[in-house]
């Protein structure tokens with residue numbers, strides 16, 4: 001496992017965009033049209049840049065898995081963040097949908113601890129053509145060890161039932177659920193305390 005460098009953006013975006021192609025929550029965020037594949041790549045590039053600025057992009061040793069996980073509120077938003085948000089809005093979300101996205105993001109943030117003293121496990125993806133489990137296991141172990149070393153809980157959200165079951169198996173608990181009627185999804189808010 002290694003911390004990503006700036007030159008890893010293409011690798012990370014490729015893995016995440018292919019892994020999230022069928023993710024209902026990621027697909028809801030981006031505008032649904034003929035350019036959806038490029039819009040998902042733009043979302044993944046935004047995610048890479050945001051996590052990279054917070055030293056939170058990790059790549060498995062075999063370069064088949066990626067985790068975006070960082071200490072929440074470790075860095076105040078700056079010009080680079082605002083610029084990345086503009087690119088995301090115009091190239092992935094669409095201006096007409098921005099209020100819906102902001103409302104969802106505001107609600108989601110309101111359910112996380114106000115102190116910001118936790119690890120935020122934002123994205124996790126493994127190359128769909130390479131599902132041997134080593135990449136996922138290595139990244140999981142690294143994130144869990146980081147949680148224990150820093151004595152910080154891990155928080156995440158998922159709308160994928162299969163992922164929810166995996167996280168529960170690894171010691172996460174559901175602390176809140178949100179039924180997203182318009183999207184036909186249920187969002188699970190999950191956390192894992194260190195040493196569990």
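The values are calculated or read from the model by the stated rules, or taken from the named source; none is laboratory data. Values in this document were obtained by computation on a predicted structure and should not be read as measured data. With ideal geometry, Cβ positions are generated from the backbone for all residues, glycine too; neighbour counts draw on all protein chains shown.
In the set 118, 58, only one residue is at pLDDT 95 or above, surrounded by 16 or more Cβ atoms within 10 Å (Cβ to Cβ) and out of contact with any helix residue (DSSP H, G or I) (no Cβ under 7 Å at 6 or more places or on another chain); that residue is 118. Just one of the numbered conditions (1) free of Cβ contacts under 8 Å to residues at least 40 places away in the same chain; (2) out of contact with any helix residue (DSSP H, G or I) (no Cβ under 8 Å at 6 or more places or on another chain) is not true of residue 139: (1).
The residue of segment 30-63 that is farthest from residue 2 (Cα to Cα), among those that are in contact with a strand residue (DSSP E or B) (Cβ under 6 Å, 6 or more places away or on another chain) and in contact (Cβ under 8 Å) with a residue 60 or more places away in the chain, is 47.
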